[in-house]
1. Across region 61-85, what is the total count of residues that are in a loop (DSSP other than H, G, I, E, B), at pLDDT 95 or above and over 20 Å from Asp105 (Cβ atoms)?
2. So Leu99 passes all but one of these: (1) within 11 Å of Pro4 (Cβ to Cβ); (2) touching a residue at least 24 places away in the same chain (Cβ under 8 Å); (3) surrounded by 13 or more Cβ atoms within 10 Å (Cβ to Cβ). Which condition number does it fail?
3. State which residue is surrounded by the most Cβ atoms within 10 Å (Cβ to Cβ) when the search covers only region 62-93 and only residues that are more than 15 Å from Leu118 (Cα to Cα) and of a type in the set (A, V, I, L, M, F, W, C).
4. Restricting to region 39-82, name every residue that is more than 15 Å from Ile17 (Cβ to Cβ) and among the hydrophobic types (A, V, I, L, M, F, W, C).
5. Looking only at region 1-34, count how many residues are of a type in the set (A, V, I, L, M) and free of Cβ contacts under 8 Å to residues at least 24 places away in the same chain.
6. Working only within region 1-52, note down all residues that are under 24 Å from Tyr69 (Cβ atoms), outside any helix (DSSP H, G or I) and either at pLDDT below 95 or of a type in the set (Asp, Glu) (or both).
7. Looking at region 36-55 only, could you name the residues that are surrounded by 14 or more Cβ atoms within 10 Å (Cβ to Cβ) and among the hydrophobic types (A, V, I, L, M, F, W, C)?
Amino acid sequence: MSRPRFLADHDFDEHIIAGVLRRALAAEFVRCREVGLADSPDTDVLEYAASRGLIVVSHDVNTMLTSAYDRLGTGQPMPALLAALQSDPIGPIIDSLVLIWLASDGAEWQGQVKFLPL
């Protein structure tokens with residue numbers, strides 16, 4: 001089993017990442033800004049994630065969702081996109097990400113678009 005690995009979009013709440021890493025020390029989060037994607041279009045973020053097997057986590061429920069569905073519609077590899085509203089409480093989002101990391105294989109999420117919390 002290959003644990004899920006995450007790519008945090010540039011707008012993703014750092015408190016959520018910190019909360020996940022407190023509960024699952026070995027969970028892997030790559031941040032867009034760490035790999036030079038902070039100001040990149042959603043299509044580039046999704047392409048980067050697809051080429052590295054990363055699940056994208058984002059608060060961008062508008063354009064990122066559109067870009068993800070466009071990739072799926074054209075048959076391009078699409079990593080999972082897990083979107084969370086910025087107005088949602090972070091505790092349940094952290095719980096969902098920890099559960100995903102602990103109880104699933106990264107490949108299970110390929111091509112899925114889901115809202116957090118699950």
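The values are calculated or read from the model by the stated rules, or taken from the named source; none is laboratory data. Computed from a predicted model, the values in this text were never measured in an experiment. Virtual Cβ from ideal backbone geometry, glycine too; neighbours counted across all protein chains shown.
1. Qualifying residue count, region 61-85: 4.
2. (2)
3. The selected residue is Ala68.
4. Quick first cut of region 39-82, residues more than 15 Å from Ile17 (Cβ to Cβ) only: 39-53, 60-81.
The answer is Val45, Leu46, Ala49, Ala50, Val61, Met64, Leu65, Ala68, Leu72, Met78, Ala80, Leu81.
5. First, pick out the residues of region 1-34 that are of a type in the set (A, V, I, L, M): 1, 7-8, 16-18, 20-21, 24-27, 30.
Next, only the ones that are free of Cβ contacts under 8 Å to residues at least 24 places away in the same chain stay: 17-18, 21, 25-26.
Of the residues in that region, 5 qualify.
6. Asp9, His10, Asp11, Asp13, Ala38, Asp39
7. Step one: of region 36-55, the residues surrounded by 14 or more Cβ atoms within 10 Å (Cβ to Cβ) are 37, 40, 42-50, 53-55.
Passing the criteria: Leu37, Val45, Leu46, Ala49, Ala50, Leu54, Ile55.
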